[in-house]
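One structure is given here, and the rest of the page talks about it.
Read-outs: derived from the displayed coordinates by stated rules, not from any lab. Quick caveat: nothing in here was measured; it's all calculated off a predicted structure. Neighbour counts run over all protein chains shown; Cβ positions are idealised from the backbone, glycine included.
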Amino acid sequence: MRSLLRITPSFIQGSAGKLFSIHYAPSSITSESECIVVAPSFAEEMNRCRYMGTLLAQQLSQQNFGFLSVDAYGTGDSEGEFESSSWEQSCKDLKTAVSYACTLGYQQISILGVRLGALQAIQTSVEINNLKRLIFWQPVINGQAALTQFLRIKIAASMQRNEKTETTQELEIQIENGQHISVSGYEVGPDLFKGIKAAKFETYLDAVSLPVGWFTVISSADRKTPRGDIMMIEKWRQKGVVVNHREVIGPPFWLAHERTLVPELVDATVRYVTESI
């Protein structure tokens, strides 16, 4: 099957610079073909999630789906440095990716938001006409929570090196005062920090009416989807949004240092998109 894959890497023009893209095409692109455009996760999580995206792309392309991954400005193989990236620019680049998918011939386009990318997907979706659906993998529903977790990585690293440690609040004050904070080799600047901090699912609850496929990875059968996620799903459903929530048992692939795969998540996603055509 892999030998039949049509994979095209290319650079496309974004509003801030050239963006690296990889397109997995079906055997032919017709009016019925759907393209899944990825809104990736943040910093090192983006790298850890890449191969899961590749597995999904390989399966989808055999089902007449396209799959498009575009690195935002300042990330991956796109132009720019991470320290100059911003939340606003990343959202613009996601819209550029969707527009590019249209030029490839797709008339049906959906967005797969991975972790923090789910927040970008929901925020960007309100500015894009005619999206088919949103798909979330382990979505982060509150940017502040993601930032706090990210800053704790820096604090833990400082403790291991017996360096002076700072609180998350002290680190936030430094960034809000215009400084960059280095966390695991990533320079996080004020624009990116403030954008993530302000991002919340709750803000767009009334604006989104698209069908949603929401996938939660739990470590074992006796674990449950986080309560905050369940509450958000129920709020959406009460507003008439069709939310298809599925739990998949597997390891937290977005956190593991070694390549960690959850093929069950890929299989469940393929079943969801093919069943709801």
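See the values below:
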{"item": "DSSP beta bridge pairing in the chain, given as percent antiparallel to the nearest 5", "result": "40"}
{"item": "Ranking of CYS102, CYS49, CYS35 by count of other Cβ atoms within 10 Å, fewest first", "result": "CYS102, CYS49, CYS35"}
{"item": "Principal-axis tilt of helix 263-275 within the chain, Cα atoms, nearest 10 degrees", "result": "50"}
{"item": "Cα-centre dipole for the chain with unit charges at Cβ (Lys and Arg positive, Asp and Glu negative), debye to 20", "result": "580"}
{"item": "Amide H within-cut-off set for VAL37, under 5 Å, with H built and near neighbours excluded", "result": "LEU68, SER110, ILE111, LEU112"}
{"item": "Loop-located GluC sites (Glu not before Pro) in region 190-277, at most 10 other Cβ atoms within 10 Å (DSSP)", "result": "GLU258"}
{"item": "Cβ-Cβ FRET estimate between GLU202 and ILE7, R0 fixed at 35 Å, reported to 0.05", "result": "0.40"}
{"item": "Degrees separating the helix 227-238 axis from the principal Cα axis of the chain, which is the longest one", "result": "40"}
{"item": "Centroid-to-centroid separation of region 237-277 and region 18-90 [C-alpha atoms, Å]", "result": "17"}
{"item": "Gained length - ASN162 relative to HIS257, 0.36 nm times residue gap less alpha-carbon distance", "result": "31.9 nm"}
{"item": "Taking all pairs of distinct alpha-carbon atoms in region 40-110, Kirkwood radius in angstrom", "result": "13.2"}
{"item": "Gain upon complete extension [THR103, ILE218; 0.36 nm per residue less C-alpha separation]", "result": "37.6 nm"}
{"item": "Cα shape, region 141-230, gyration tensor, a/c 1.5 rule", "result": "oblate"}
{"item": "Table column - 3J(HN,Hα) (Hz), region 76-83, Karplus curve with 6.51, -1.76, 1.60, x for Gly and Pro", "result": "x, 9, 7, 5, x, 10, 4, 5"}
{"item": "Label point distance in nm, SER31-SER182, each placed 7 Å from Cα along Cα→Cβ", "result": "5.6"}
{"item": "Whole-Hz couplings from phi, Karplus 6.51/-1.76/1.60, listed for region 102-108; x for Gly and Pro", "result": "5, 5, 7, x, 7, 9, 10"}
{"item": "Cα gyration tensor, region 1-63 - rounded (a/c under 1.5), prolate or oblate", "result": "oblate"}
{"item": "Using alpha-carbon coordinates, inclination of helix 44-61 to the longest axis of the chain, degrees", "result": "0"}
{"item": "Under-22-angstrom lysine pairs by C-alpha in the chain, whenever the two are 8 or more apart or on separate chains", "result": "21"}
